[in-house]
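Below: one structure, written as structure tokens.
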């Protein structure tokens with residue numbers, strides 16, 4: 001698996017599903033507490049990391065609060081939850 | 001001239017028995033760490049022609065070559081039980097003694113004229129050697145050559161072992177040194193590549209084992225008492241005493257092996273310090289000054305470069321990776337005039353990006369060929385300006401070995417040290433790209449070291465901090481790196 005296959009760009013629909021999942025889980029920015037995010041790439045972690053289940057991804061989220069000091073965060077999702 | 005069995009020949013013969021036993025056993029320990037043999041420098045999984053393991057690797061999870069390591073019994077390997085560090089120490093210290101003994105032996109052969117016994121001066125020796133084999137197979141003893149102590153097949157066999165097989169093993173062993181390969185890429189190509197050299201080295205081992213078995217059989221066939229008398233007393237006298245002394249000597253060799261093995265398993269740190277003191281001096285003298293001059297072609301790149309080590313299994317790293325390492329920074333400090341911090345973007349925009357296509361040598365024996373791009377480390381060194389007392393660089397990584405490397409012995413943050421002079425080598429690189437793409441996570445993203453004259457474990461991956469120090473004895477167990485501390489490798493590993 002090269003670096004290009006490690007991270008994948010998401011479609012608009014997939015991004016929407018990620019945001020929906022984040023909202024349902026009450027996911028908030030660890031720094032400022034905001035619940036509004038921009039969705040980035042999805043990193044497939046199921047293959048690379050020992051502790052991860054086979055279908056796991058970490059999706060990059062960027063906090064939309066301009067004053068947030070650590071805006072880059074991520075949410076762990078199963079591929080089946082957002083990649084369909 | 002008279003071909004006898006002078007005292008020096010008999011002493012060297014006995015020393016050789018000890019050396020060969022340790023060389024073979026420690027060689028098998030080294031083989032156990034990657035019990036597969038290849039013809040291609042790609043070492044592609046599944047392409048091995050020789051396989052000495054039943055392990056099957058998973059397809060749905062990242063595995064590394066530490067997972068492929070086998071644990072052999074101490075009955076066959078030295079010291080056994082998956083201790084590559086100790087196997088390497090025994091192999092290298094023994095090979096030094098073996099080579100020195102061999103040089104003295106060959107010198108004395110020529111000084112005294114005894115070498116004539118091993119040289120076939122007539123082409124007739126070759127058909128006679130074949131006749132000798134047929135004679136042996138007919139359960140009879142062939143006659144010796146006129147004026148010689150040996151028959152034709154003995155002369156050819158002994159001559160081949162001394163003047164062909166022994167140098168062959170030394171040269172194929174040297175061809176597996178990353179320092180020699182990096183400085184003289186033609187030398188490793190001469191053997192057909194690094195994995196050819198490793199495979200040929202294995203065949204050399206088989207040839208030695210085969211020779212020893214046949215040699216012992218022939219001694220028995222010719223008469224154990226009279227034959228051992230020649231090598232014990234120098235002439236055919238007191239055969240019973242000769243046999244008793246021979247058996248006692250062989251029991252002594254076994255006892256020596258048992259004691260050495262038990263001590264190595266119980267006190268590996270002492271072996272590492274004692275043997276390392278000798279081996280490191282030789283390496284620093286012979287291999288350390290060699291600089292890498294490799295430039296493999298694009299067509300030689302390994303399609304799927306093998307992996308060792310597993311990435312940091314922690315959410316902060318995964319989130320950083322998901323964001324293409326935008327938040328990554330590396331600190332460079334310690335004994336420097338100007339401590340600095342760089343982002344990945346800082347490193348990428350350095351004007352002196354360097355690309356090199358090189359052979360990667362894992363300490364376990366596999367190889368792959370990769371293209372690496374990044375910044376020559378010497379440029380970072382020149383920027384931060386080491387203080388006069390700085391002697392080594394410590395590469396601290398994001399890897400927690402207890403969490404990330406369950407196959408490895410030991411715990412704690414992974415780190416490695418290198419000597420400062422290696423940082424100035426022309427192909428010592430802080431690499432952020434591999435094969436024209438951002439460095440993959442499994443190969444150390446976002447930043448790893450490339451140090452082409454050393455084996456792979458020195459090339460720290462997932463680096464987060466570089467520290468200049470005067471001495472590493474207070475870091476970890478004080479041996480110069482996590483693997484040195486925990487699996488007893490040497491700090492300088494040009495072979």
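Numbers below:
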| read-out | value |
| --- | --- |
| Over segment A:3-82, relative contact order from alpha-carbon pairs under 8 Å, at least 6 apart, % | 30 |
| Normalised convex hull volume, chain B, alpha-carbon set, Å³ per residue | 162 |
| Principal-axis tilt of helix B:239-266 within chain B, Cα atoms, nearest 10 degrees | 10 |
| Peptide-level mean, for A:72-84, of C-beta atoms on other protein chains within 10 Å | 2 |
| Distance between modelled label sites at residue A:51 and residue B:60, nm, 7 Å Cα→Cβ extension | 2.1 |
| Mean-position separation - Cα centroids, segment B:376-448 and segment A:12-65, in angstrom | 30 |
| Zero-based 5 Å bins, Cα pair distances in chain A, whole percents | 3, 16, 25, 23, 18, 11, 3, 0 |
| Area projected by the alpha carbon convex hull of segment B:298-487, averaged over all directions, nm² | 10.2 |
| Where the Cα pairs of segment B:354-418 fall when distances are cut into 5 Å bins, in % | 4, 12, 13, 17, 22, 17, 13, 3 |
| Nearest 10 degrees, 0 to 90: helix B:125-137 Cα axis against chain B principal axis | 80 |
| Span per principal axis, largest first, for the Cα atoms of the protein assembly as shown (Å) | 97, 55, 45 |
| Cα centroid separation - segment B:350-371 against segment B:247-262, whole Å | 43 |
| Relative compactness, segment B:202-270, computed as alpha-carbon Rg over 2.2 N^0.38 Å | 1.45 |
| Chain B, relative contact order [Cα under 8 Å, separation at least 6], % | 17 |
| Folded to 0 to 90 degrees: helix A:12-24 orientation relative to chain A principal axis, Cα | 60 |
| Likely footprinting exposure, B:43, B:316, B:26, B:297, fewest C-beta neighbours within 10 Å first | B:297, B:316, B:26, B:43 |
| Segment B:1-38 residues near the modelled residue B:110 label - backbone nitrogen below 18 Å, point 7 Å along Cα→Cβ | B:9 |
| Shielding by partners, peptide A:46-54 (average Cβ within 10 angstrom, other chains) | 6 |
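Just so you know, all these numbers are worked out from the coordinates, no wet-lab data involved. Treat the numbers as computed from the prediction; the structure is a model and nothing was measured. All Cβ positions, glycine included, derive from the backbone under ideal geometry; neighbour counts span all protein chains shown.
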